[in-house]
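The values are calculated or read from the model by the stated rules, or taken from the named source; none is laboratory data. This structure is a prediction, so every number in the text was calculated from the model and none was measured. With ideal geometry, Cβ positions are generated from the backbone for all residues, glycine too; neighbour counts draw on all protein chains shown.
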Amino acid sequence: MDLRTPHRQSLWAVVFLAFRALGAIGVVQILLFVGFVGARLPSVLAFAGLVVVIGSGLFAAAALQWWRCTFELDNGELVIRRGIMQQQRLSIPLSRVQSVSLEQKVLHRFLSLVQISLDTAGTETAEFDVARTLQQAVANQRGSSPVAESGEQDAETKPKPQEQVLLRHTPRRIVRIAFSQPPFAGLVLLAPLFALASQLGRVVPFGLSDLAKPTGPGWFLWFVPLALTAGLVFSMTLNLARVVLTEWNLTLLSTAAGLRRDAGLLSTTSVAAPIPRVQIVRTRQGLLERWWSLHRVNLATIGNANIALPGCSAEQMHMVRRLVLSGSDGVEVFDQSVSKAEILLKTRTAAVFAALVSATLGFVIGWWSLLALLSVPYVAARTMRLVRLRRWAITSDAIGIHRAFVGWQREEALLRKVNGVTVGQRLFERRRGLATVTFSTAAGDVSIGMIPLEQAELIRDVALHSVETDRRAWM
Amino acid sequence: MADLINEPIGADSLPRLQDDRFEPVDSNWLRVSLLGMSLFGGAVTACGVTAWLVIANRGGRDSWIPLVAAGALVALTAISALIRVVEVRHIGYQVRNHDISYRSGVLVRRVSTVPFVRVQHAQIRQGPVQRHYGIAMLEVNSAGPDLKIHGLPVDIAEQLKALMVDRAGDLSEDR
């Protein structure tokens, strides 16, 4: 395929564009409109005719959009022309592409298509989506190995000669990842159904609502634990299904162009980014992850294509860290603490809020509203532990912060990746000679709060000196 | 590429950002800000009074609602104006060989610094009222924080923009 001449997307893209237009308008809005108009139409035939007219209009607009959208490579730039009423010409130098994401949903795979998203540092969203394989062109521009154009990607794809598998999760590891998620997180998938709870309750064959009615003195003792257990099992099953579908065969490869993450069972997602584009390394281990000896690594890159690696062992986590920090040791020892004044701040805020809530609820529920004040000692105890376990450190080339409560999380960034530094003082901090210093990178911020102002200004100057004297590329 | 030399540096030999070297912005910016807030307050008051009159003439018992809403907005605008009066004494900018810093804020005071080598581009924005008073806003864009330096005389804003573009280009070529 010669990309130096203008090309169009696959003809099937008209279908995807039509559905995207539908999604942009809003399925709920369309259903409401159809319901409103349909209730006033004289017959079903008229209603069907309305649906056909609307559908034809959507497809006609999508077809016109498809016709007007072309892409080509011109002197190392990806040039996209699109627009119906207003012509738009988008030029993206291939050297400015920060990351390339390939996604192949079920329908894409059935039609042998791929959705490709390119991210640059200029915006936070993908510049465009085209249902054709362009990763090969970008990869060739960077001198990496080409990716197969065929939509049929074998889940057991053997790596190309220039690619090296850094880690690949086994099915057993995938299951462990699922069981290391927060127990009730799976119920989030059902959130939209809560809006239709009353309608769903009518179609349930057995009397679900009858179960919830108290019947006998011991009802509370057996119903609540049963409901919690049933909810937990159901949620963990949803967790398992979600993780298996999204993270199946999770593989991290080192390619000539950088790192590539492939994962997915029915819908395969591939995220690629050059190593220098990684700005912040975040590692964490929750309580359940500690039980399974797993770690989560998140590589924040320029653009929208962060590389998330759940379920890594400690060795895998350190390996990825060393690779991404490119010769730097990063921050190994977190030896600086923060001021305990944060305990006073959080406790005072919680006390004020609890007092307001208690006073308001007192008119409704009487003396029971005083229970709201129990939140104050909880906030105080929680903040004491958070402050006691929070550590940070700065080396000659990296900054890092470590937070812990039950689990822990860390953020590290190389100083040469810093794009700006801000030293801020809230009123509370100013009265106590404290400050918050924020190191801004192209992929997010690393903030250290509640440290002495002099210390904040010193590490700001250290970071600025490092940025301004380091000749190495930051991206 | 030359070998990277990375000698340790003591705190006393680091170039420090001096807190007393910040340049104040033009006092006309306060006039422009207060004028804008006054116009907004006046517009809100007019809308509130008009709505109150319309509802009252129709015999509505809730005619006080638009007055209360307008009053609340005007009160918030007045508080913002007071904060701006205090803030204008504090804001300033400092240009060094390798970076530019901007100090701002009253309740939350901030000093943001962007090295020239990280500047993506700089632009000047000037509204009609600012044009009348001869001031402009310099916006410095980087991949991290963006600086918006208000209340600069136009010629100084142009000089700073040119300086940053030149320095960003020179420093990039050195790498």
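Residues that are closer than 21 Å to residue B:110 by Cα and in contact (Cβ under 8 Å) with a residue 60 or more places away in the chain within region B:125-161 comprise B:149, B:150, B:151, B:152, B:160, listed in sequence order.
Among the conditions (1) at the interface with chain B (Cβ under 8 Å from one of its Cβ atoms); (2) buried (at least 16 other Cβ atoms within 10 Å of the Cβ), residue A:391 misses just one, which is (1). Between A:245, A:287, the distinction of being over 20 Å from residue A:400 (Cβ atoms), surrounded by fewer than 20 Cβ atoms within 10 Å (Cβ to Cβ) and in contact with a Gly (Cβ under 6 Å, 6 or more places away or on another chain) belongs to A:287 only.
Residue count for region B:105-156 under the criterion of being polar (S, T, N, Q) and at the interface with another protein chain (Cβ under 10 Å from one of its Cβ atoms): the result is 5. When we screen A:379, A:418 for residues that are within 14 Å of chain B (Cβ to nearest Cβ) and in contact (Cβ under 8 Å) with a residue 24 or more places away in the chain, the only hit is A:418. Residues in region B:80-103 that are facing chain A (nearest Cβ under 10 Å) and closer than 22 Å to residue B:35 by Cα: none.
Taking region A:364-475 and the strands (runs of 3 or more DSSP E) fully enclosed by it, the elements with 2 or more residues that are within 30 Å of residue A:182 (Cβ to Cβ) and hydrophobic (A, V, I, L, M, F, W, C) are at A:391-394, A:398-404, A:408-414, A:444-452. Being assigned to a strand (DSSP E or B), within 32 Å of the chain's Cα centre (by Cα) and at pLDDT 75 or above is the requirement here; does residue A:71 meet it? When the stated conditions are applied, residue A:71 passes them. Residues considered: A:332, A:342. Of these, the only one that is within 30 Å of residue A:166 (Cα to Cα) and among the acidic types (Asp, Glu) is A:332. Looking only at residues of region A:442-467 that are hydrophobic (A, V, I, L, M, F, W, C) and surrounded by fewer than 18 Cβ atoms within 10 Å (Cβ to Cβ), we find that the one that is farthest from the other protein chains (Cβ to nearest Cβ) is A:453. Test residue A:471 against the stated conditions and say whether it is basic (Lys, Arg) and more than 9 Å from chain B (Cβ to nearest Cβ). When the stated conditions are applied, residue A:471 does not pass them. When the helices (runs of 4 or more DSSP H) confined to region A:166-259 are screened for residues that are at pLDDT 80 or above, those reaching at least 1 such residues are found at A:171-179, A:219-247. Regarding residue A:400, is this residue more than 7 Å from chain B (Cβ to nearest Cβ) and at positive phi? So residue A:400 fails the test. Consider region B:106-121 and keep the residues that are at pLDDT below 90 and surrounded by fewer than 21 Cβ atoms within 10 Å (Cβ to Cβ). The one that is farthest from residue B:164 (Cα to Cα) is B:107.
Residues in region A:403-415 that are within 12 Å of chain B (Cβ to nearest Cβ) and either among the aromatic types (Phe, Trp, Tyr) or more than 20 Å from the chain's Cα centre (by Cα) (or both): A:415 only. Whether any residue in region B:71-79 is in contact (Cβ under 8 Å) with a residue 24 or more places away in the chain and within 14 Å of chain A (Cβ to nearest Cβ) is what I want to check. Checking region B:71-79: not a single residue is in contact (Cβ under 8 Å) with a residue 24 or more places away in the chain and within 14 Å of chain A (Cβ to nearest Cβ).
Against the criterion of being facing chain B (nearest Cβ under 10 Å), farther than 30 Å from residue A:287 by Cα and among the basic types (Lys, Arg), residue A:432 does not qualify.
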